[in-house]
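The values are calculated or read from the model by the stated rules, or taken from the named source; none is laboratory data. None of the values given here were measured: they were computed from a predicted structure. All Cβ positions, glycine included, derive from the backbone under ideal geometry; neighbour counts span all protein chains shown.
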Amino acid sequence: MEQHQQEQAHETGTRNETYDVIAVLYHALQGAENCQIYARDAQNQQTRDFFERALSAQRQLADEGKQLLQQVLETDTAGQSAFGWSSETETPDSSGIQTTSTDGQTNPDRRY
């Protein structure tokens, strides 16, 4: 199993655990969105209540997943941005890259 995890990390650049947390978070958010639609479409109160409970559970799972993902990513990157800059001392703009606005004007101060 360890070798499979190393192979996946090598192929994707992402540890298996990180990928798994992202996948579960995605599906929880997708499930919450679906439950909203299903609750709106429900024909009776019992069915609507079921979908609202499911929606609440999916939202709770998504919130927990977001917190866990943040922790996992901090572990993966040792507190550094995956893009190479320190989250505490530098910004993407400190790389010297200039951005261009929709009107074609260069804006070196724009932050994303």
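Please state which of the following conditions Y26 fails to meet, knowing it meets all the rest: (1) surrounded by 11 or more Cβ atoms within 10 Å (Cβ to Cβ); (2) modelled with pLDDT under 85; (3) hydroxyl-bearing (S, T, Y).
Evaluating Y26 over (1) surrounded by 11 or more Cβ atoms within 10 Å (Cβ to Cβ); (2) modelled with pLDDT under 85; (3) hydroxyl-bearing (S, T, Y) leaves (2) as the failure.
Taking the options G96, G84, G79, name whichever one is at pLDDT below 90, over 26 Å from the mean Cα position of the chain (by Cα) and loosely packed, with under 14 Cβ neighbours inside 10 Å.
G96
Quick grid of which residues meet (1) closer than 30 Å to E74 by Cβ; (2) at pLDDT 75 or above; (3) loosely packed, with under 12 Cβ neighbours inside 10 Å:
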position: E11; (1), (2), (3): yes, no, yes
position: R15; (1), (2), (3): yes, no, no
position: Q43; (1), (2), (3): no, yes, yes
position: F51; (1), (2), (3): no, yes, no
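Mind counting the residues in the range 37-64 that are in contact with a helix residue (DSSP H, G or I) (Cβ under 6 Å, 6 or more places away or on another chain) and assigned to a helix (DSSP H, G or I)?
The total comes to 11.
Considering each of Q105, Q60 in turn, give the residue that is loosely packed, with under 14 Cβ neighbours inside 10 Å and at pLDDT 85 or above.
Q60
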